[in-house]
Amino acid sequence: MKLRTKKRTGALMLALLLAVLAGCGSGNNSNTSNAENSGSATNAPAATTDSAKKVTLTMMVSGTKAPDGQDFALDIMPKLVKEKFPNVTLETSKLPDEQYFTSIRTKLASGKGPDIYWVFPRNASLGVLDMAKAGYAADLSDLTFWDNISQGAKDDMSYEGKPYGIAGGLDYLGVYYNQDLFKQAGVIEMPKDWTSFLEACQKLKDAGITPISLADKDPWFLQFGMYQIAANEVYPDEMDFDTKLQAGEKSLTDPKWVATISKMKELYDKGYVVKNSLGLGSAQAAQLFVDGKAAMVFDGTWDYATLTAKGAANFTRGFFSLPANDSGQPTYVSAATAAGFALNAKSENLDIAKEVMNYLFDGQSDLFKAWTEANSSISVYKGVPLNHDLFKEVNDSYLNNGKSVYFPNQMWPTGVAEEMEAKFAEIIGGRKTTPEQVTEAMDAKFKELWKN
């Protein structure tokens, strides 16, 4: 009986204590939301209510500034964020890719990284997997718009099942070309395979026209052609090649990779690439194209603004997938989830940065509309139509045929693509480096760096 009495007494005292605490919490406490009191709280970041508190968010991205001065990251986004959140100032910077990679790594490692920064899919250089593992990227699971993002794009920006980046869209690698120069050289039918592509290049060369402008001073530019060739040489009959590579079942010395390097080399050997390409940066290579001094340039959808800018010549542009396939075989599109936004896990303003992302991707705000208009990547946000007709043919092929391959470096550790670039630069520079030696160097670097 005593034990039962003690239990009842203890229960009564606990009830009285809870009643007192409830009474203390029932006043006008400005730190407690109505959602919490009603039991309807969500995982979404709380809204900013203290408009008197001035906050400065920093953002760093990579790329080339829009020619007309209406750059989304530098001009439009800061203005619209200020209109929505008067207490928030968004300070942004934009660097060329190589400078960005170096700068952002240094800043994040020193604990002085920006609140918002540009991150790449999977294992790519500055890939979301590395950023999440290192603790530099915040878990974004509690953002409110994920149901409107394609699952593939979300998966490519996730680590251990949680999203750590927001994809900017879907990107295609392809060939921007000058339709007027093609006609001038007698290239009437678009090339459908590697043989007919080489024939088109030869016609252009014979007509005194530089067939291809490439920016080999910027090593990463090599990827824009190489990955399109690989999409048609390496992967069509073995889409799980890189999974096998990671498991130790395949090697980058595979004959299909040797053939890929060899085809890229062929373009230089036959004089189809602009002379002294090792001295040309990306801006210079693009200028040759927009000025009508080269018929083609290998690049991605992300450089739409640069490659459609007004130059010294007026001409009609086109865009097609590099047909590195054999005759009678389909051309595979080189397509992959685009780079996008990550939030610094160590940011003191993480909640506010999340609010900005929710506003950016809410599907209806002025900021969202400006983003979809400025974004040259193919949208992965449901319901957003293609905004550049230049990419319609390739986009239709991607959607209707289902024959596409991701960018290989998204499945490699950082350093492998860079090794490919360095060794191939030896070929461009006239050294006797062979395609086999390029693949051997790539494979050795992969085995050195792969730790899974």
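The values are calculated or read from the model by the stated rules, or taken from the named source; none is laboratory data. Note that this is a predicted model, so its numbers are computed, not measured. Positions of Cβ are backbone-derived with ideal geometry, glycine not excepted, and every protein chain shown enters the neighbour counts.
Criterion applied to 222, 198 was being touching a helix residue (DSSP H, G or I) at 6+ places or on another chain (Cβ under 7 Å) and assigned to a helix (DSSP H, G or I), and the one residue passing it is 222. Filter the stretch 381-411 down to the residues that are of a type in the set (Val, Ile, Thr) and touching a helix residue (DSSP H, G or I) at 6+ places or on another chain (Cβ under 6 Å) and list them by number. Of everything in the stretch 381-411, those that are of a type in the set (Val, Ile, Thr) and touching a helix residue (DSSP H, G or I) at 6+ places or on another chain (Cβ under 6 Å) turn out to be 384, 405. Among the residues of the stretch 181-195, at least one is of a type in the set (Ser, Thr, Tyr), more than 30 Å from residue 385 (Cβ to Cβ) and in contact with a Ser or Thr (Cβ under 8 Å, 6 or more places away or on another chain). Of the residues making up the stretch 324-354, just one is at pLDDT 95 or above, hydrophobic (A, V, I, L, M, F, W, C), buried (at least 21 other Cβ atoms within 10 Å of the Cβ) and assigned to a loop (DSSP other than H, G, I, E, B), namely 324.
Taking residue 76 as the residue in question, decide whether it is of a type in the set (A, V, I, L, M, F, W, C) and buried (at least 22 other Cβ atoms within 10 Å of the Cβ). No; evaluated as a whole, the condition is false for this residue. Note on the stretch 79-120: residues that are assigned to a helix (DSSP H, G or I), in contact with a Lys or Arg (Cβ under 9 Å, 6 or more places away or on another chain) and surrounded by 14 or more Cβ atoms within 10 Å (Cβ to Cβ) total 2. Among the residues of this structure, residue 218 counts as one that is surrounded by fewer than 22 Cβ atoms within 10 Å (Cβ to Cβ), modelled with pLDDT under 95 and over 18 Å from residue 272 (Cβ atoms). Per the listing 418, 426, 436, 440, the residue uniquely acidic (Asp, Glu) and free of Cβ contacts under 8 Å to residues at least 40 places away in the same chain is 426.
Report whether or not residue 107 is in contact with an Asp or Glu (Cβ under 8 Å, 6 or more places away or on another chain) and at pLDDT 95 or above. In short, no. Entry remark, the stretch 310-323: residues being within 14 Å of residue 190 (Cβ to Cβ) and surrounded by 13 or more Cβ atoms within 10 Å (Cβ to Cβ) number 7 in total. Looking at this structure, is residue 288 crowded, with 16+ Cβ neighbours inside 10 Å, touching a strand residue (DSSP E or B) at 6+ places or on another chain (Cβ under 7 Å) and part of a helix (DSSP H, G or I)? Yes: the conditions hold for residue 288.
Taking residues in the stretch 360-387 that are in a loop (DSSP other than H, G, I, E, B), and partners anywhere that are among the charged types (D, E, K, R) and at pLDDT 95 or above, the pairs with Cβ atoms closer than 7 Å and at least 6 places apart or on different chains are 377/171; 386/392. Within the stretch 442-452, the set of residues being within 26 Å of the chain's Cα centre (by Cα) and part of a helix (DSSP H, G or I) comprises 442, 443, 445, 446, 447, 448, 449. Inspect the stretch 303-319 for any residue being of a type in the set (Phe, Trp, Tyr), in contact with an Asp or Glu (Cβ under 7 Å, 6 or more places away or on another chain) and in the same structural domain as residue 111 (by TED's automatic domain parsing) and give the result as yes or no. No, every residue in the stretch 303-319 fails to be of a type in the set (Phe, Trp, Tyr), in contact with an Asp or Glu (Cβ under 7 Å, 6 or more places away or on another chain) and in the same structural domain as residue 111 (by TED's automatic domain parsing). For residue 390, the requirement of being part of a helix (DSSP H, G or I) and more than 23 Å from residue 84 (Cβ to Cβ) is met. Quick check on the stretch 130-177: of everything there that is touching a residue at least 60 places away in the same chain (Cβ under 8 Å) and aromatic (Phe, Trp, Tyr), which residue is nearest to residue 361 (Cα to Cα)? The qualifying residue nearest to residue 361 (Cα to Cα) is 145.
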